[in-house]
1. According to the Kirkwood expression over distinct Cα-Cα pairs, how big is the hydrodynamic radius of the stretch 24-147, in Å?
2. Set the bar at 29 Å for Cα to Cα. Now go through LYS128/LYS312; LYS288/LYS312; LYS8/LYS190; LYS163/LYS327; LYS387/LYS409; LYS128/LYS163 and name every pair that lies beyond it.
3. Roll a 1.4 Å probe over the protein chains and send me the accessible area per residue for the stretch 220-357 in Å².
4. Largest first and to the nearest Å, give the Cα extent of the stretch 106-212 along each principal axis.
5. If you split all Cα-Cα distances of the stretch 91-154 into 10 Å bins from zero, what percentages do you get per bin, shortest first?
6. So if we plug the beta-carbon distance of ASP408 and SER380 into 1/(1 + (r/R0)^6) with R0 = 22 Å, what FRET efficiency do we get, rounded to 0.05?
7. To the nearest 20 debye, what is the magnitude of the charge dipole of the stretch 173-270 about its Cα centre, counting +1 on the Cβ of each Lys and Arg and -1 on the Cβ of each Asp and Glu?
8. Within the P(r) computed for the stretch 328-377, what percentage of the Cα pairs occupies the region above 18 Å?
Amino acid sequence: CCGRWIMKVALINPAARGAKYSVEPLGLGYIAGYLEQNGIDVMIIDQVAGDNINRQVDVYKPDIVGIACRPDIIGISSMTPLVIDAYRIADTCRRKGILTVMGGPHPSAMPEEALEHADVVVVGEGEKAMLDIVKDGISSGIVSRPYVENIDELPLPARHLMKQEFYLHTASKLKMFTLAFLGSSLPSVKSASILTSRGCPFHCIFCHNSLRQSPVRFHGVARVLDEIRQLKTGYGVEAMTFLDDNFLANKPRAEEICRKITAEKLDVLWSCVTSAQFIDRRTATMIKDAGCRQVNFGCESGSQRILDVLEKSATVEQNREAIRICKEAGILVAASFMIGNPTETVEDVRLTQRFIFETQPEEFYVNITTPYPGTKLWESCNKKLRKPLKWGDFYRGSLQVYPFSPFDKAELGKLFLETILVKPVASSSDWKSALRYPGESVGWFLRHPLTAVKIILGRYVMKNKKSNTRNADVMENRARGFSAGGGA
């Protein structure tokens, strides 16, 4: 990157079928920040935020200076549900004669497959690998570098290279799950995501952490507070989601973060993901005082036998108690569940349905258990496959029957519908977002049919403006009560 040679790197965030994700491409942001720190000219091309990849790539190709010019390097990150689109982009970039690198969860798990579409495939964390590809002129093969032991050595993600303004206002388009506590005020509140650790101390068989060799690593308290301040002062963020696999896994660190947020009066509302065994009354009170308004639990099943099969760390009773404690503290609970698990029976699914009804999480989501490449579940499933899986079927939890599922497609579909129709007594008031984005909110409508019909009739059939305004005000006041910490 000196003399007459020019090196420019473009990192691409692919989209699929017009999906608008609410989460900033933080993985690419970390790589971009690390490359910039080492003197590399880098940009992020974000298809999710509306960037035209072909046009952006052509514009970013460097002009020839002097006798010779290094080609661009394109880096593309992809998860399994988006990999078909990512491969299509990679094929296009290679046809343009640009060195093309692929990384992320899917290429890391299926590097040989990814090499059919890219010149270089990065397995594992991307910061050091991408820098070596640029500096050392690596142009082919599979590249893997040791994980970053002290992640505080990495700069903050390069949000200045992202379409940050786009992401501040798009949370309601998909991730109502992580920011449900904002209710109907969600579209008007600036929200962001933050990642303060890497990895998880547990190894559930369906999670990418189940085969990961690197240990869980945490950003220090000072670093976390720096990023929160940046989001507030630089972008006006009022609410955020901690995207850590398990935010409370390091309790002393979490307590110090909460103390600092409270002491500095940062006045930010937030949600996090954690495991039930890390929740007790003292912890619930602590995080509530620091601005936490929602905790997301991966409960997965109401059957202890199935939790054991999935190698979950928390028990059914721990999940039940954690939900109760959070609700008593005035913290909204969002819980996710899976059906179609290995060895699962109809009775196991009934236990899950009963658990949902009895614990009444304010938000709950049901998914079909899916064997993502790079997990223990995939290793088991892959041995039983008669033909390769279609990666496009992984998009948005397509209703697929995998070799480990004891149900046929008709039975699985029936059980899935029954489960998403379990109606807790306490229901979400996020009806405005559901109306705006019904494709992302079918479960909400199915769980609250009477409310949905009333809203639709009042808003679109009766066309009684005065009545609409009055009803909307009532619903919005309830939702705002949640965002202010009113609880269920």
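1. Details: mean 1/r = 0.0681 Å⁻¹.
Evaluated on the stretch 24-147, it is 14.7 Å.
2. LYS128/LYS312; LYS8/LYS190; LYS163/LYS327
3. Computed with neighbouring chains in place, this is 36 Å² per residue.
4. Between the extreme Cα coordinates on each principal axis of the stretch 106-212 lie 49, 35, 32 Å.
5. 23, 51, 22, 4
6. Working: r = 20 Å, r/R0 = 0.89.
Calculated value: 0.65.
7. Dipole of the stretch 173-270, to the nearest 20 debye: 140 debye.
8. Here the long-distance tail beyond 18 Å is 42 percent of all Cα pairs in the stretch 328-377.
The values are calculated or read from the model by the stated rules, or taken from the named source; none is laboratory data. Remember, it's a predicted structure, so these values are computed and weren't measured experimentally. Methodologically, a virtual Cβ is constructed for each residue, glycine included, from the backbone with ideal geometry; neighbour enumeration extends over all protein chains shown. The area values use the complete protein model at the heavy-atom level, side chains included, leaving out ligands, DNA and RNA. Shrake-Rupley method; radii C 1.70, N 1.55, O 1.52, S 1.80 Å.
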